[in-house]
């Protein structure tokens, strides 16, 4: 089963129900080697529903850069829904978590980590 790391809106059960039609199983974890920063969302529909300013992570490669969040258990269909949900500026890439697991995260970088 694919894993998706969320450090933002997809942690919220109400958002999960809206995006996926159900709540997802999740466990707390940390994203390793990524720093957080704020971006302004250009998609007016997304911004109206979720706010215009959001956090995005950028790959740094430094293990001391960590972002807390949840690892969500998703299906391939859920990933397609998440891809459609995320606004421009966010790219789904593979990353590692402090638990040692690997999965997907929406980040600024367009490279695998």
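The values are calculated or read from the model by the stated rules, or taken from the named source; none is laboratory data. The shown structure was predicted, so the numbers you read here are calculated from the model rather than taken from an experiment. Note that we place each Cβ from the backbone using ideal geometry, even for glycine, and neighbour counts take in every protein chain shown.
When segment 43-66 is filtered for residues that are in a strand (DSSP E or B) and either in contact with a helix residue (DSSP H, G or I) (Cβ under 6 Å, 6 or more places away or on another chain) or modelled with pLDDT of 95 or more (or both), only 66 remains. One residue alone among 19, 71 is in a strand (DSSP E or B), under 15 Å from the mean Cα position of the chain (by Cα), surrounded by 16 or more Cβ atoms within 10 Å (Cβ to Cβ) and touching a residue at least 12 places away in the same chain (Cβ under 8 Å), and that residue is 71.
The residue of segment 93-113 that is modelled with the highest pLDDT, among those that are within 13 Å of residue 59 (Cα to Cα) and loosely packed, with under 15 Cβ neighbours inside 10 Å, is 94.
Hey, any hits in segment 83-91 for a residue that's within 21 Å of residue 16 (Cα to Cα), part of a strand (DSSP E or B) and at pLDDT below 95?
Checked segment 83-91: at least one residue is within 21 Å of residue 16 (Cα to Cα), part of a strand (DSSP E or B) and at pLDDT below 95.
Scanning segment 75-88 for residues that are in contact (Cβ under 8 Å) with a residue 40 or more places away in the chain and within 12 Å of the chain's Cα centre (by Cα), we see that the one that is farthest from residue 56 (Cα to Cα) is 79.
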